[in-house]
Amino acid sequence: MNEDLRVVFESQNRQNCADRALVLTSLGIPHELVDDGASCAVVVPASVSARAAMELRLYDEENPPPKIAARAVVERHDPMPGLVGYVLVVCLVAGMAGYSFFGSNWIAAGRVDGELIRNGEVWRLFTALTLHAGVKHLLGNLVFGVFFGIFAGRLLGSGFAWLAIVLAAAAGNAINVLLLEPTHRAIGASTAVFAALGIVAGYVWKGKLMRQDGWSNRYGPIVGGLALLMYTGTGGPNTDIGAHLLGFVCGFAAGVLLVRYGKVLKNGISQRFAGVLAIGLIVLSWIVALGV
């Protein structure tokens, strides 16, 4: 081209220039790509510059740049009050059960018992979460409970996190009892541990706290949660896999629901009330179970 040339598109991205050049090629409009190393431009003869500019404008309108979703702002809460409460409650119950406080057999009084729960002893859905078969069982649930509790507490705040964990775990126990034979018996905080994992997965997924521009990221929290469930919750001959799975499922549902209450989670008074309610449910359940 030796005639007068006009720039109809310019960019530092050579691919963008190449795309516009391809548009002009398809329309039979003569053009050249000029690249100085720092940026490039599409130039056309002055006689067709008006048409070229119009065609490129139409192309841009039909092919707008993809919108990049803004990252969700994650409110960070202090998880320590809930973690301290969890450790104290579980260890206190373990010690009192070991020494048969109030002259009671705490295991018999508080374990999941399918027949008794079906007959109305629903407090067992809560008391069983604080009982353990031995030191190894106790330590395992303490470690994993603290680990997953840190994430739940940071996302939801200690009060709401542990209230949701207690309620979701109790719901998981209830469903598990209904699905199994009345002779089913179980103890342990593992249902609560996997409820905490489910809450984190559900809250992160529904709240879109990870970038959502690809399927791997959209479903990453779900896949990650299930992977952890499979890795940590399905081993051992005495593992209650159903309770673990249902704890996770109920926790996931709770996490999804809690996304709607972001403003309430920021309220310190509501957080404290939720925390007291979580502990109150456990204490009240044990008062009823022991008849004290």
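The values are calculated or read from the model by the stated rules, or taken from the named source; none is laboratory data. Since the model is a prediction, treat every value here as computed from it, not as a measurement. A quick note on method: Cβ atoms are made from the backbone with ideal geometry, for glycine too, and the neighbour counts reach across all protein chains shown.
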- For the range 103-162, what are the residues that are modelled with pLDDT of 95 or more, in contact with a helix residue (DSSP H, G or I) (Cβ under 7 Å, 6 or more places away or on another chain) and β-branched (Val, Ile, Thr)? Ile107, Val112, Ile117, Thr127, Thr130
- Consider only pairs whose beta carbons are under 9 Å apart and that are at least six residues apart or on different chains; among these, list those whose first residue lies in the range 149-169 and is at positive phi and whose second residue is surrounded by fewer than 24 Cβ atoms within 10 Å (Cβ to Cβ) and of a type in the set (Ser, Thr, Tyr). Gly157/Ser270
- Note on the structure: Of those in the range 22-34 that are more than 13 Å from Arg51 (Cβ to Cβ) and out of contact with any strand residue (DSSP E or B) (no Cβ under 8 Å at 6 or more places or on another chain), the residue surrounded by the fewest Cβ atoms within 10 Å (Cβ to Cβ) is Ser26
- Scan the range 276-288 and give yes if some residue there is modelled with pLDDT of 65 or more, in contact with a strand residue (DSSP E or B) (Cβ under 6 Å, 6 or more places away or on another chain), farther than 20 Å from Arg76 by Cβ and surrounded by 14 or more Cβ atoms within 10 Å (Cβ to Cβ), otherwise no. no
- Task: Identify, by number, the condition in (1) at pLDDT 90 or above; (2) part of a helix (DSSP H, G or I); (3) over 15 Å from His244 (Cβ atoms); (4) not acidic (Asp, Glu) that Pro182 doesn't meet.
- Result: (2)
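Okay, residues lined up against (1) without any contact (Cβ under 8 Å) to a residue 40 or more places away in the chain; (2) in contact with a strand residue (DSSP E or B) (Cβ under 9 Å, 6 or more places away or on another chain); (3) exposed (fewer than 11 other Cβ atoms within 10 Å of the Cβ); (4) not in a helix (DSSP H, G or I):
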| position | (1), (2), (3), (4) |
| --- | --- |
| Ser49 | no, yes, no, no |
| Ala52 | no, yes, no, no |
| Asp78 | no, no, no, yes |
| Gly95 | yes, no, yes, no |
| Ala109 | no, no, no, no |
| Gly120 | yes, no, yes, yes |
